[in-house]
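Q: Below you will find the structure I want to go over with you.
The values are calculated or read from the model by the stated rules, or taken from the named source; none is laboratory data. The structure displayed is predicted, hence computed values, not measured ones. A quick note on method: Cβ atoms are made from the backbone with ideal geometry, for glycine too, and the neighbour counts reach across all protein chains shown. Ligands, DNA and RNA are stripped out before the accessible areas are found, and what is left, the full protein with its side chains, is counted by its heavy atoms. Shrake-Rupley method; radii C 1.70, N 1.55, O 1.52, S 1.80 Å.
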Amino acid sequence: MSHSIIKVLTMSPSQDVVAVRGWVRTRRTSKNVSFVALNDGSTIKNLQLVIDLDKGFGLTEELIAKVTTGASISAKGRLVASQGSGQAVELLVEELEVNGIAHPDEYPLQPKKHSFEFLREIGHLRFRTNLFGAILRVRHSMTFAIHKFFHDRGFFNIHTPIITGSDCEGAGEMFRVTTLPPQNPPVLEDGSIDYSRDFFGKATNLTVSGQLEGELAAMALSKIYTFGPTFRAENSNTSRHLAEFWMIEPEMAFYDLKDNMDLAEEFLKFLIKFALENCADDLEFLSARLAEENKSRPQNERDEMTLLQKLEFVLNNSFERLTYTQAIEILMNCNMNKKKKFQYPVDRWGIDLQSEHERYLVEKHFNRPVIVTDYPRANKAFYMRANEDGKTVAAMDILVPGVGEIIGGSQREERYEVLKQRAAEFHIPEESIWWYLDIRRFGSVVHSGFGLGFERLLMFISGMGNVRDVIPFPRTPKSAEF
Ligand code: 4AD
Ligand code: MG
């Protein structure tokens, strides 16, 4: 039985034989002794193997020659106290097998720094780097922590459909799902495609959000959450947008907007705390990486805090809460705006907040996470509850330093007539959401929910600047290779 390296690194020197397997990170050879750094992904740390040809274990130079960066090997031996610094124990190898060689002239990953762009081009191999190992272990821990957070608070996980006939966000940026032949689809008299002859007997698409279905479940189980893939065909090639991303969407009956904000803040803090407590080695590595990157930035763009300090800071301080109207006042009167330094000037109430405005609020003005509420009704989705002022809706966006919007949510419109009216204003065909309207006729109640972008969360926790580097297989415009 072989041990994972994370386990071996906690063991003490002994006469027991220990077996390990993994991939070679580096090998250094001097005279008859080779030192191999072995990694099996269980931890960011490598196990040092010592292969000494003079110890009489029958190991040959010919075999050692195959132990190159990227090769897969199995080794057996005894743990001894390490001579070098950096590790307590090392494995004195007695048996060695090369499972799969990695031709040194062709293996693209070398023990040196590679650019993120290059690593994206070798997406099948980038898992082997310290960086992606760290990110994917943190990603796993966050998945686990999300389920734990909700489970411990009496929420139920609901699987909402991936193929839907409705457009939750009303943005119309959807991937169509069809089995109609692309060359000659059936058409109606007016020349438009006849989707009644499509697989589902109607036009369908990949979901942009599980919220509408989640609300139905919350109207029976009280507190639910979804955690699934969502798809958006927005052709925006930014460092924060993916065409396929994962979203966590809790939905709670009997919660108003304030309850919703409290839950969202508690949720984010729980996840940060969980990461700090359970991913210490990986976060230290990511923090050091960011510190290094920071040094290469111009003086005025450098972070004052390390990644770990930033996470601690967010954990220990309350989020700033303000309305959209207050945010506009701050932005209108700030020096950036007066000196015309924004690409989109803030000149009136009602404009969409651009990411430069969000960043100003979060990074310059408040310097902490911010919850902006009560946006103009025209700027937000039809399902958000209309406020009494007739101008705004009970929306909330959570913005965090370095990432911008991480959560979007709202109190939902629970009044049947008002919701019907709002859907009509947004030209949403009633037949596509009749069931969503209908639930308001039977035991309707105040309820709220939000959506956390999983990759945006990971950007925040890992300090990575591009959303493509926190998901194993990014899907972006013109890119779906692996
Ligand atoms: O603000 P959004 O569009 O809200 C909804 O979809 C609601 N139905 C959520 C709800 O109330 N249940 O998206 C929610 C979050 C955003 O705040 C952002 O973090 C993330 O999803 N997000 C994206 N992440 C990566 N790539 C994209 N293209 C994203 N679009 C949104
Ligand atoms: Mg949003």
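Q: Show me 181-190, 61-70, 226-235 ranked by packing, highest mean number of other Cβ atoms within 10 Å first.
A: 226-235, 61-70, 181-190
Q: Per residue, what accessible area does segment 43-166 have, given a 1.4 Å probe and all protein chains present, in Å²?
A: 51
Q: While we're on this one: Rounding to the nearest 20 debye, state how big the charge dipole of the chain is about its Cα centre with +1 on each Lys and Arg Cβ and -1 on each Asp and Glu Cβ.
A: Taking the Cα centre of the chain as origin, the dipole is about 1080 debye.
Q: Let me ask something else about it. Which order do peptides 85-98, 330-343 fall in by mean Cβ count within 10 Å, highest first?
A: 85-98, 330-343
Q: Here is a further query. With a cap of 10 neighbouring Cβ atoms within 10 Å, and only residues DSSP puts in a loop, list the chymotrypsin sites (Phe, Trp or Tyr not before Pro) found in segment 428-473.
A: Phe442
Q: Show that you can apply the helix-only estimate: for the chain, add -39,500 (n - 2.57) for every DSSP H stretch of four or more residues, divide by all residues, and state [θ] at 222 nm to the nearest 500.
A: Value at 222 nm, helices only: -8500 deg cm²/dmol.
Q: For segment 80-147, state which trypsin sites (Lys or Arg not before Pro) are in a DSSP loop and have at most 16 other beta carbons lying within 10 Å of their beta carbon.
A: Lys112, Lys113
Q: Between segment 320-371 and segment 170-201, how many Å separate their Cα centres?
A: 42
Q: Let me ask something additional. Output needed for the chain: three equivalent-ellipsoid semi-axes, defined as square roots of 5 times the C-alpha gyration tensor eigenvalues, in descending order, whole Å.
A: Values for the chain, descending: 49, 27, 22 Å.
Q: Can you grab the distance from the C-alpha centre of segment 1-67 to the C-alpha centre of segment 124-156, Å, no decimals?
A: About 28 Å separates the Cα centre of segment 1-67 from the one of segment 124-156.
Q: Suppose all protein chains stay in the model; what accessible area per residue would a 1.4 Å probe give for segment 310-398, in Å²?
A: I get 49 Å² per residue for this part.
Q: Right, here's the next one. Segment 386-416 to segment 431-450: how many Å between their Cα centroids?
A: 18
Q: Relative to the compact globular guide of 2.2 N^0.38 Å, what is the alpha carbon radius of gyration of segment 282-383, as a ratio?
A: Expressed relative to 2.2 N^0.38 Å, the Cα Rg reads 1.28.
Q: Student exercise: in segment 338-482, how many lysine pairs 8 or more apart or on different chains have Cα atoms under 17 Å apart?
A: Close lysine pairs found across segment 338-482: 6.
Q: Could I ask something else about it? Where does the charge balance sit around Ala19 when Lys and Arg score +1, Asp and Glu -1, over other residues with C-beta under 9 Å from its C-beta?
A: In short, +1.
Q: Would you mind telling me the share, in percent, of accessible area of the chain contributed by carbon and sulfur at probe 1.4 angstrom?
A: 51
Q: Loop only by DSSP, 12 or fewer other Cβ within 10 Å of the Cβ. Give me the GluC sites (Glu not before Pro) in segment 314-415 that pass, ordered by residue number.
A: Glu388
Q: While we're looking at this one, here's another question. Would you work out if segment 1-79 is rounded, prolate or oblate? Take a ≥ b ≥ c from the square roots of the eigenvalues of the alpha-carbon gyration tensor; rounded if a/c is under 1.5, else prolate when a/b is larger than b/c, oblate otherwise.
A: Oblate is the answer for segment 1-79, as a/c is 1.5 or above yet b/c matches or exceeds a/b.
Q: With point charges of +1 on the Cβ of Lys and Arg and -1 on the Cβ of Asp and Glu, referenced to the Cα centre of the chain, which listed residue (Leu315, Phe454, Gly22) lies farthest in the positive direction of the dipole?
A: So the residue furthest toward the plus end is Gly22.
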